[in-house]
1. What's the extension gain from residue 33 to residue 58 if we count 0.36 nm per residue and subtract their Cα-Cα distance?
2. In deg cm²/dmol and to the nearest 500, what is the mean residue ellipticity at 222 nm of the chain if only DSSP H runs of at least 4 residues count, each as -39500 (n - 2.57), divided by the residue total?
3. What are the lysines whose alpha-carbon lies under 22 Å from the alpha-carbon of residue 98, with same-chain residues fewer than 8 places away excluded?
4. Modelled label-to-label distance, residue 4 and residue 25, 7 Å Cα→beta-carbon offset: nm?
5. Over the chain, calculate the relative contact order: mean separation of alpha carbon pairs under 8 Å at least 6 apart, over the residue count, as a percent.
6. In a solvent-free Debye calculation with one equal scatterer on each Cα, what is log10 I(q)/I(0) for the chain at q = 0.19 Å⁻¹, listed in the order of the q values?
7. Using θ = phi - 60° and the Karplus form 6.51 cos²θ - 1.76 cosθ + 1.60, what ³J(HN,Hα) does each residue of the stretch 77-87 get, whole Hz, x for Gly and Pro?
8. Helix 13-26 against the longest principal axis of the chain: what's the angle in degrees, Cα atoms only, rounded to the nearest 10?
Amino acid sequence: MSKYSREHYIKNRDRILKYKKRHYRKNRKRILNYHKKYAVKHLLKITASSKARHKYKNIGFCEECSAPTKIKHHDDYTKPLEFRYLCQTHHMRLHANKGLVLASSEGSKG
């Protein structure tokens, strides 16, 4: 969390918590369905992240631009020790491209 985010949260804590409660009450069914649908994937993701973090504490180099980085991207969470190092820019770009691919494939189901 950045210094600004932390300060913003401290100043607006009551308002933020009130919003979160209201949002949860309003979207409770949708949130619970989401958690039920992605429970296994979420657990695999946490396990993979934890194993990679504890086994490989060193800094690697981005596979795209060779910049030093600590970000480990898992293509398959069921294989927790198979990952690749990506810098923040290339990691976000990868996820943005996956989102576009998923959005376009969902739209073609007809």
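1. Between residue 33 and residue 58, full extension yields 5.2 nm more.
2. Taking each H run of at least 4 residues, the total per residue is -20500 deg cm²/dmol.
3. 37, 41, 45, 70, 72, 79, 109
4. My value for the distance between the label points is 3.2 nm.
5. Numbers: 75 pairs, mean separation 18.3, N = 110.
Relative contact order of the chain: 17 percent.
6. Log-scaled intensity ratios, in q order: -1.15.
7. So the J values, rounded to whole Hz, are 5, 6, 10, x, 9, 9, 8, 9, 7, 9, 6.
8. 80
Values in this text are rule-based calculations from the coordinates and carry no lab data. Everything quoted here is computed from the prediction, not taken from an experiment. In this analysis, Cβ positions are derived from the backbone assuming ideal geometry, glycine residues included, and neighbour counts consider all displayed protein chains.
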